[in-house]
Structure formats: structure tokens, C-alpha cells
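Following: one structure in C-alpha cells, then a few remarks.
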Amino acid sequence: MLSTSGDFRGKRTFILFLLTDLRIKKLIVFTLFAVYIFCAVYMLFFMRESLLGFYTYEEYFSKNTNFVPFRTVIEFAGYLRTDDQIYGDISFENIFGNILAFLPTGVFFPAIWKKQRCFPCFVLTASAVIICVEIIQFTAMCGACDIDDYILNITGAVIGFALAKLNIVRRLMFIDTAFKKGE
């Protein structure tokens, strides 16, 4: 059954109320942020099997670290270009998954914390979070400690930060006022 225009206006008014009522907006944004954190922690730490007990830290370090920028990205991009049947999907997931994993931080951090609207402060905070994730992954032996992961993660966070500057995102996500000149 088709809704009448009166029903549509009522629903639209209710949705606008939800998006403009500060308490409800805060609840929605913090709930979405909590869901994001839960999913990110699961993907970053629990989705992979830990190799603790299988390797010493010295062995793990030699096999699962990369401090040469873009080494892994170039290797994975090569697999994507050649339509490699074995590593092609893994390469795509690694490159774009690392970008997408931290993209929401670029939206949530400035939306929730006013100080994160300053680009240098945001980059510093996002960098600290990403480095902590890499250290925890290394000590738990549940992922590689890779400079390329940092580069892709911070790229995703910066893309999210740029998206947070869009008026539509600010109106939907920011739990206080929108960006002001000089912030």
C-alpha cells in the first residue's frame, strides 16, 4: 500500500527531529562509534589466529615485519595487476581493507571530540592509535607489523577526516555545532 503525502511528511518530521535533537543524536553517534570500535577490535585482533607459542618473538619479527615503505603495497598491487588467482583477493582485501578500517576514525573523532577537528591534532591522535594497534598485534602475534599498514590506515583516516568536512556529514554526525572558521 502506498503511503500518502501526509504519512511521508510525518515520517520526515520525525526523522528530522531525531537528527536535530542533541540527546538522540549523541546516542546515535556514540552507539555507531561503539559498534565501529567493536568491529575494528574484532577484525584487528580476533579474526586472525595468534601465532603465540608457535614462534619466538625473534622468529616472528623476522617473518612478520616490514619497515620499508610501500614494499607490501607494491607486492600486493603486482598480484592485483596480474589477476593472480591465489593472492589477488588477499591483496585487494589488504590494500583496501587497511584504508577502510580506519576511515571511520576520520569521521567519528572530529564528530565526537572538538579538538580532533584540528588536522595536526587529528593526525597525531590517529597515528598514535594506529601505532598502538600495530604494537598490540605484534606482541599478540596476530598480524604483521608493517609500515605499509600504517600508511594505508592513516590514508583511510585522512580520507574520513576530509569526508567529515562535508556539510551533510557534519549535520548528521556532529554532536555539537558544525565546523567554524579557524577550527
If you go through segment 104-128, how many residues are surrounded by fewer than 21 Cβ atoms within 10 Å (Cβ to Cβ) and free of Cβ contacts under 8 Å to residues at least 60 places away in the same chain?
10
Checked against (1) surrounded by 12 or more Cβ atoms within 10 Å (Cβ to Cβ); (2) of a type in the set (A, V, I, L, M); (3) farther than 28 Å from LEU22 by Cα, VAL68 satisfies every condition except (1)
It is to be established whether one or more residues within segment 174-182 are surrounded by fewer than 17 Cβ atoms within 10 Å (Cβ to Cβ) and on the phi > 0 side of the Ramachandran plot.
yes
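Which one of ASN167, ASN153 is of a type in the set (S, T, N, Q) and over 30 Å from PHE61 (Cα atoms)?
On the way: ASN153 fails: over 30 Å from PHE61 (Cα atoms).
Going through ASN167, ASN153 in turn, the sole match is ASN167.
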Going residue by residue through segment 79-86, is there one that turns out to be of a type in the set (A, V, I, L, M, F, W, C), farther than 30 Å from LYS165 by Cα, open to solvent by 30 Å² or more (accessible area, probe 1.4 Å) and in a helix (DSSP H, G or I)?
yes
PHE61 being under 16 Å from ILE147 (Cα atoms), open to solvent by 60 Å² or more (accessible area, probe 1.4 Å) and either among the charged types (D, E, K, R) or at pLDDT below 95 (or both)
yes
Got a number for residues in segment 144-170 being under 27 Å from THR65 (Cβ atoms) and open to solvent by less than 10 Å² (accessible area, probe 1.4 Å)?
5
Say whether the condition of being closer than 25 Å to ILE90 by Cβ and small (Gly, Ala, Ser) is met by at least one residue in segment 127-137.
no
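Does segment 129-142 hold any residues that are open to solvent by less than 50 Å² (accessible area, probe 1.4 Å), on the phi < 0 side of the Ramachandran plot and not charged (D, E, K, R), and which are they?
Our first condition is that a residue be open to solvent by less than 50 Å² (accessible area, probe 1.4 Å); within segment 129-142, this holds for 130, 133-134, 137-138, 140-142.
Add one more test, that the residue is on the phi < 0 side of the Ramachandran plot, and what stays is 130, 133-134, 137-138, 140, 142.
Once the filter is applied, which keeps residues that are open to solvent by less than 50 Å² (accessible area, probe 1.4 Å), on the phi < 0 side of the Ramachandran plot and not charged (D, E, K, R), segment 129-142 yields ILE130, VAL133, GLN137, PHE138, ALA140, CYS142.
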Please verify whether SER50 is open to solvent by less than 90 Å² (accessible area, probe 1.4 Å) and over 25 Å from the mean Cα position of the chain (by Cα), treating the condition exactly as stated.
no
Limited to segment 19-45, what total is found for residues that are among the aromatic types (Phe, Trp, Tyr) and either touching a Pro at 6+ places or on another chain (Cβ under 6 Å) or in contact (Cβ under 8 Å) with a residue 60 or more places away in the chain (or both)?
4
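The values are calculated or read from the model by the stated rules, or taken from the named source; none is laboratory data. Values in this document were obtained by computation on a predicted structure and should not be read as measured data. FYI the Cβ positions are ideal-geometry reconstructions off the backbone, even for glycines, and counts take in every protein chain you see. What goes into the accessible areas is simple: the full protein's heavy atoms, side chains included, and nothing from ligands, DNA or RNA. Shrake-Rupley method; radii C 1.70, N 1.55, O 1.52, S 1.80 Å.
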